[in-house]
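A.B. asks: If you scroll down you'll find the structure; I have some questions about it.
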């Protein structure tokens, strides 16, 4: 896998399931399940859940970010995607 991926935009969020649909700069679109981080959150992730900030995520310098400073690496998020024909499953 090539590193250095960047997120182009957030297509959709699902606060109840902790999923985010992302579009990467190469056109790949897919859903990332973040429940492993947010279902039993700690530290900055806990602040996001307690403050109901999950859907306030945004793209900053190609990474997924939240207003409290929490960021997730786009390469790690892309590895969570299962791809099928150029689109994530």
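The values are calculated or read from the model by the stated rules, or taken from the named source; none is laboratory data. Worth saying up front: this structure is predicted, and the values here are computed from it rather than measured. Backbone-built Cβ (ideal geometry, glycine too); neighbour counts: all protein chains shown.
A.B. asks: Out of all the residues in segment 72-80, is one or more within 19 Å of residue 9 (Cβ to Cβ), in contact with a strand residue (DSSP E or B) (Cβ under 6 Å, 6 or more places away or on another chain), part of a strand (DSSP E or B) and at pLDDT 95 or above?
C.D. replies: Yes.
A.B. asks: What is the residue count in segment 33-65 for residues that are loosely packed, with under 13 Cβ neighbours inside 10 Å, in a loop (DSSP other than H, G, I, E, B) and on the phi > 0 side of the Ramachandran plot?
C.D. replies: 2
A.B. asks: Determine if segment 14-27 includes at least one residue that is at negative phi, modelled with pLDDT of 95 or more and touching a helix residue (DSSP H, G or I) at 6+ places or on another chain (Cβ under 6 Å).
C.D. replies: The answer is no, given that none of the residues of segment 14-27 is at negative phi, modelled with pLDDT of 95 or more and touching a helix residue (DSSP H, G or I) at 6+ places or on another chain (Cβ under 6 Å).
A.B. asks: Kindly indicate which of 30, 4 is modelled with pLDDT under 95, assigned to a loop (DSSP other than H, G, I, E, B) and either surrounded by 15 or more Cβ atoms within 10 Å (Cβ to Cβ) or in contact with a helix residue (DSSP H, G or I) (Cβ under 8 Å, 6 or more places away or on another chain) (or both).
C.D. replies: Within the list 30, 4, the selection yields 4.
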